[in-house]
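The values are calculated or read from the model by the stated rules, or taken from the named source; none is laboratory data. This structure is a prediction, so every number in the text was calculated from the model and none was measured. With ideal geometry, Cβ positions are generated from the backbone for all residues, glycine too; neighbour counts draw on all protein chains shown. Areas reflect the complete protein model, heavy atoms only, side chains present, ligands, DNA and RNA absent. Shrake-Rupley method; radii C 1.70, N 1.55, O 1.52, S 1.80 Å.
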Amino acid sequence: MLNQNQEELRKIDHAHWLTLYEITQAINSSLDFDEVLHNVMDSVMQITRAQRGFIMVANELTELLEVRVARNPEGENLARDETYSTTVVNQVIASQTSVITNNAQLDPKFSGSNSIMLKGLRAILCAPMMLKAHLVGVVYVDTTIKAGLFTESDMYLLNAVAGQAAIAIENARLYKLAIEKGRLERELQMAREIQQSLLPRMMPRLPGYEVAARWRPAREMAGDFYDLFLVGDTLILVIADVSDKGAAAALCMASTRSMIRAYAFAGQSPQATLSQTNDLLVEDTDSGMFVTAYGSVFTSDGVSHHVNAGHNPPLVYRHRTREVMMMPRGGRALGWFTDNPLITENLHLESGDLILYYTDGVTEAEDRYGVQFGESQLADVLQSKANAPIEDILTSIEQAVDLHLDGEANADDFTLCLVRYSV
């Protein structure tokens with residue numbers, strides 16, 4: 001038994017078959033979305049000999065029809081808000097079948113249509129562009145000049161053209177999405193590469209210290225960052241976490257890093273550096289984002305100074321006692337309020353001591369049951385691997401977190417910094 005489309009194709013007269021073939025070739029000659037729409041309109045105007053033609057395509061978000069092409073036989077574009085019969089179009093949308101009227105002024109089905117009466121429309125033909133059961137759009141043509149312009153064969157041919165047009169439009173739409181996705185992926189990749197370039201390319205060297213770091217974004221771009229650099233004969237370490245993720249967090253991260261570096265290279269103490277960065281963020285940031293940060297300064301004799309601005313306190317491994325302690329919590333995140341109550345903590349390191357810095361993407365990594373990796377498990381790994389090379393220690397921590405996740409994706413950025421003092 002023939003389905004409806006096959007039945008309508010059977011009714012197309014022989015003279016129209018060659019036209020349908022040529023039209024199909026023209027419609028499918030391009031994957032450019034706008035060009036496809038214009039090809040469809042050219043073909044429709046050719047076969048119907050109409051005075052005006054409209055192509056309306058469903059908006060992907062609202063699914064409402066929008067006029068994308070409006071044309072006269074000479075190829076001149078009409079205003080997209082040009083009056084047409086919304087009554088006919090709505091009927092086609094509701095029934096998902098074609099509508100033809102060859103004397104719209106006298107047709108009782110459309111006697112209540114203001115646009116038909118005011119515009120003086122006589123013959124109207126409208127067909128849905130269907131892709132399976134999905135309405136892609138409608139093709140609409142009309143004339144004010146002549147009643148009886150459209151034949152049933154025209155309607156069957158227009159239905160066939162509309163079916164081909166739906167496929168061509170969907171292919172062009174998918175191609176456009178693929179192009180845009182590829183462009184977006186390239187832009188995101190470039191943004192990630194730029195962001196990675198802001199991280200230290202080589203670990204700075206200060207006599208008596210070994211340093212290492214790991215950085216794993218949860219998305220293409222991250223809100224986590226770390227920085228390690230020398231100012232004179234001191235080593236500066238900063239680790240921070242922007243409250244958001246993605247592009248906005250990455251921009252905030254770059255801005256915060258620049259501020260911290262500027263104050264540090266100007267000779268400001270860690271406390272003054274973070275305090276002034278905080279005040280600038282409060283003044284300039286309207287998005288509600290904030291930054292937790294931890295800053296440390298190390299000197300070659302093992303003396304270090306530390307300031308916490310609402311960040312996860314580092315873990316300190318004492319080689320002499322084989323114990324792990326936590327640095328004090330302190331301060332508020334940067335960007336909340338002015339006059340951040342920051343305090344400097346002083347620490348004298350002994351040979352073999354380690355300081356492990358981390359973001360909450362490490363300790364708050366959750367398995368499938370919602371159980372977090374936690375600070376105690378992080379301390380256990382640090383303690384058990386404390387005598388290993390520092391790169392191996394970080395690898396062990398990464399492996400322990402991944403084992404805890406057990407295949408689950410980490411929802412947050414993941415950053416580690418490790419400092420060992422040896423004399």
Subset of region 103-118 (residues that are surrounded by fewer than 18 Cβ atoms within 10 Å (Cβ to Cβ) and modelled with pLDDT of 80 or more) | Asn103, Gln105, Leu106, Asp107, Pro108, Lys109
Test result for Phe110, of a type in the set (Phe, Trp, Tyr) and either within 33 Å of the chain's Cα centre (by Cα) or over 28 Å from Glu35 (Cα atoms) (or both) = yes
Inside region 38-82, can you point out the residues that are open to solvent by 70 Å² or more (accessible area, probe 1.4 Å) and either in contact (Cβ under 8 Å) with a residue 12 or more places away in the chain or within 12 Å of Gly137 (Cα to Cα) (or both)?
-> Asp42, Gln46, Arg49, Glu60, Glu63, Leu64, Glu66, Pro73, Arg80, Asp81
Subset of region 362-392, residues open to solvent by less than 60 Å² (accessible area, probe 1.4 Å), within 22 Å of Ala212 (Cα to Cα) and without any contact (Cβ under 8 Å) to a residue 40 or more places away in the chain, comes to Phe373, Gly374, Val381, Ala388
Say whether the condition of being at pLDDT below 90, among the aliphatic types (A, V, I, L, M) and over 23 Å from Thr234 (Cα atoms) is met by at least one residue in region 352-374.
-> no
If you go through Tyr263, Tyr357, Tyr294, the only one that is at negative phi and in contact with a Cys (Cβ under 7 Å, 6 or more places away or on another chain) is Tyr357
So which residues in region 266-290 are open to solvent by less than 40 Å² (accessible area, probe 1.4 Å) and not in a helix (DSSP H, G or I), if there are any at all?
-> Thr285, Met289
Wholly within region 348-423, helices (runs of 4 or more DSSP H) carrying at least 3 residues that are farther than 20 Å from Thr292 by Cα | 375-384, 390-405
Residue by residue through region 309-339, note down the ones that are open to solvent by 10 Å² or more (accessible area, probe 1.4 Å) and part of a strand (DSSP E or B).
-> Gly310, Arg318, Glu323, Val324, Met325, Met326
For Ala293: the one exception among (1) in a helix (DSSP H, G or I); (2) at pLDDT 85 or above; (3) hydrophobic (A, V, I, L, M, F, W, C) = (1)
Taking region 85-100 and keeping only residues that are surrounded by 15 or more Cβ atoms within 10 Å (Cβ to Cβ) and either at pLDDT below 85 or touching a Leu at 6+ places or on another chain (Cβ under 8 Å) (or both), one is left with Ser85, Val89, Ile93, Ser98, Val99, Ile100
Matching residues, region 197-237, being over 23 Å from Leu274 (Cα atoms), free of Cβ contacts under 8 Å to residues at least 40 places away in the same chain and among the acidic types (Asp, Glu) = Glu220
Of the residues that sit in region 91-107 and are in a strand (DSSP E or B) and among the aliphatic types (A, V, I, L, M), which one is nearest to the chain's Cα centre (by Cα)?
-> Val99
Any hit, region 238-249, residues being closer than 27 Å to Leu349 by Cα and basic (Lys, Arg) = no
Any chance Gly352 is on the phi > 0 side of the Ramachandran plot and more than 38 Å from the chain's Cα centre (by Cα) = yes
Going through region 233-252 in order, the residues found to be modelled with pLDDT of 85 or more and in contact with a strand residue (DSSP E or B) (Cβ under 6 Å, 6 or more places away or on another chain) are Thr234, Leu235, Ile236, Leu237, Val238, Ile239, Ala240, Asp241, Val242
Which ones in region 186-196 are polar (S, T, N, Q) and without any contact (Cβ under 8 Å) to a residue 24 or more places away in the chain?
-> Gln196
